[in-house]
Amino acid sequence: MNWHASPRVRLSLALFSAVLSPCLAAASSAIADQPGIADLPTSWAALANDSAIRPSENQKPDFSSDIEARKSYIIPALEILGFEVLLNQVNRHSGNGEDYKSNLSTIRHNLHHSWVVDSDPFKTNQLGHPYQGSMYHGFARSAGLSYWESFAYTFAGSALWEIAGEKTPPSRNDQVASGVGGSFLGEVLFRLSNLVLEHENIPPLWRELGAALVSPATGLNRLAFGDRFKTVFPSHDPVYYSRLQIGFSGSSQNEAGTSTTKLKRNEALVDYSIDYGLPGKPGYTYTRPFDYFSIQATASSANGAENLMTRGLLFGKDYGFGTNYRGVWGLYGSYDYIAPQTFRVSSTALSLGTTGQWWLSDSIAIQGTALSGVGYAAVGTTRSTANNDYHYGLAPQALVALRFIFGERASIDLTGREYFVSRVAAAARGGHDNIARFDASFTMRVHERHGIALRYL
């Protein structure tokens, strides 16, 4: 069994925006007049009093019935088919195009061939395929289909690609990555693109461009079909906490072992994260998949895409204890891609867990998530010169994430993850590895929405 932990110290300048406690002062004057609200922390009272501080005509209307009336099952099916034909042709005429020269003969062969585990490069299988699946999901979602309908389109689109888009035997690892992980990622991108569209303070052109950049499939449908798919998905005005960090990292320690990869000790980093649908807002419900989700993406000058981690609530229920704690618990779906210079792991998983928020005082709060579940993971703890030196297996995994918020001045984030990649469903190249990763950061506001963060990883 392999064990990996690689500490780093990261000092970064950060831009961050927290929308956890809007309009505290404006709301506080009306708290006492509302039954049952006087005992809540000021920030929750502000949220409960949202209608008093925001005119009713400014509330975002719910156009769910309009979206349902205009949805199409045929358009996303044709879009997925057209996307796969285009992708096949691009791949066929670039790089190793032999694998993409599929025809009726290879399709018949794949229909009768058992599914295998392929050995394509790690980034292709664990990042490229989930993003490909997110496109399928985005086509269906932006055409008005529900989450689960879009999930079915994503899964079917992935199977079609495995059978007809490539001449090689269909691979079950790609089906999980594209068909399941792609749906988890696609829903997050769809929600974020619509969150951009809801920001009426941004000029319309920039809203459309921003939404299309986040979810190209959504942008395409809005452009191609005019008013039919222009209705913005009703987010129900979630509370969210987002942060953008730009900075530099230096490695303080690295135990290379048998790795032949030369470590770049200094690197530039861009990191974005958002927690969407945080518990505690009166009236906000968790009846739809991904009404709560979290995503973190990191790009590095050393190796490009370093991290892409998402988790979202599939089925759940909100709960509370007393007046100071609110939470949601249930079944979460997650897709993780973690590939720093020293190791790599990717997992598509289902987990049971909870996300909550506890107010210690009017200005100090703790937000946290705890998950435990099992996924289908790919792992390589020894970075060799070969980009396909990794293996698969079922992976029990766990996550604990805590954020301590000190008013509008500072925050501390602590996150621990562990993946135990077993030999179960490991195919011929199986093994077992234990990956543990701990991340700690301290952020202090310097001016308005700008701050400095010190990070240990």
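What follows draws every value from the coordinates through simple rules; no lab data is involved. Fair warning: this is a prediction, and the values are worked out from it, not measured in the lab. Don't worry about glycine lacking a Cβ; one is built from the backbone with ideal geometry, like all the others, and counts go over all protein chains shown.
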Quiz prompt | Separation of the Ala159 and His447 label points, Cα + 7 Å toward Cβ, nm | solution = 5.8 nm
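Once the piece of chain linking Asp237 and Glu198 is laid out straight, how much longer is it, given 0.36 nm per residue of separation minus the C-alpha distance between them?
Working: separation 39, 0.36 × 39 = 14.04 nm, distance 0.92 nm.
Computed gain between Asp237 and Glu198 is 13.1 nm.
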Self-check item: All aspartates and glutamates inside 16 Å of Lys101 as judged from Cα atoms, apart from same-chain residues fewer than 8 positions distant
Solution: Glu84, Glu162, Glu166
Exercise. Please list 284-296, 335-347 highest first by mean number of surrounding beta-carbon atoms within 10 Å per residue.
Key: 335-347, 284-296
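I need the calculated FRET efficiency for the pair Leu414 and Ala268, taking r as the beta carbon distance and R₀ as 22 Å, to the nearest 0.05. Please report the intermediate quantities before stating the final value.
Numbers: r = 24 Å, r/R0 = 1.10.
FRET efficiency, Leu414 to Ala268: 0.35.
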Quiz item: Straight-line reach from Lys264: which lysines have Cα under 20 Å away, leaving out those fewer than 8 places along the same chain?
Solution: Lys123
Practice problem: Using +1 at the Cβ of each Lys and Arg and -1 at the Cβ of each Asp and Glu in region 302-451, identify which of Gln341, Trp358, Gln397 lies farthest towards the dipole's positive end. | Solution: Gln397
Quiz prompt | Gain on full stretching of the segment that runs from Ser105 to Asn303 - 0.36 nm per residue minus C-alpha separation | solution = 67.4 nm
